[in-house]
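Inspection log for the structure reproduced underneath, given as structure tokens.
The values are calculated or read from the model by the stated rules, or taken from the named source; none is laboratory data. Since the model is a prediction, treat every value here as computed from it, not as a measurement. When we count neighbours, we look across all protein chains shown, and the Cβ atoms used for this are built from the backbone with ideal geometry, even at glycine.
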Amino acid sequence: MLVREYIPGDEQKILKLFNVVFGRKLDLRFWNWRFIENPYGKGIIRLMFDKGKLVGQYAVIPTPLWVKDKVHKAAFSMTTMTHPDYWGRGIFTELASEAYSYCKQSGIKVVFGFPNENSYHGFTKKLGWHGFGRVKEWAI
């Protein structure tokens, strides 16, 4: 299988995979706003293809993180997905590792996120994330 970074034109395949994995549509305008027009930089997106078919994605978006009055380069992990026919093959961890290598080279110090029930185990057991329990509510 082929692993590579996102290139313009992959959007329709990404949206189709999203629909298969999550059972709902993702609007292209929203996807562009999130990953291409992000004011802190374009998303870091790694894709896996099997004979031209998109079977996995791992993506983060650059996000500043304030810790003790200092801004750090960080990335927010989101929209992790593997086609159901390919579950259990290590696609998630391979794509995440590829993205993290790029993040490190780019000076990103931390990747954080709020994994759903399906991916929490992979993040904490396979990728070394530190879980802090369930977030029940987020308020500003």
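Conditions tested, residue by residue: (1) modelled with pLDDT of 75 or more; (2) under 16 Å from the mean Cα position of the chain (by Cα).
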| residue | (1), (2) |
| --- | --- |
| Asn38 | yes, yes |
| Leu47 | yes, yes |
| Arg89 | yes, no |
| Ala96 | yes, yes |
| Asn118 | no, yes |
| Phe132 | no, no |
| Lys136 | no, no |
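Here Lys42 meets each of (1) within 18 Å of Val111 (Cβ to Cβ); (2) outside any helix (DSSP H, G or I); (3) touching a Lys or Arg at 6+ places or on another chain (Cβ under 9 Å) with one exception, condition (3).
Of all residues in region 1-19, exactly one satisfies the criterion of being farther than 22 Å from Arg89 by Cα and of a type in the set (S, T, N, Q), namely Gln12. Tell me yes or no: at least one residue of region 31-39 is in a loop (DSSP other than H, G, I, E, B), free of Cβ contacts under 8 Å to residues at least 12 places away in the same chain and not aliphatic (A, V, I, L, M). There is at least one residue in region 31-39 that is in a loop (DSSP other than H, G, I, E, B), free of Cβ contacts under 8 Å to residues at least 12 places away in the same chain and not aliphatic (A, V, I, L, M).
Screening region 27-61 for residues that are farther than 18 Å from Thr93 by Cα and of a type in the set (Lys, Arg) and picking the one that is surrounded by the fewest Cβ atoms within 10 Å (Cβ to Cβ) gives Lys51. Checked against the criterion of being within 20 Å of Val20 (Cβ to Cβ), aromatic (Phe, Trp, Tyr) and either assigned to a strand (DSSP E or B) or touching a helix residue (DSSP H, G or I) at 6+ places or on another chain (Cβ under 9 Å) (or both), region 59-79 has no qualifying residue.
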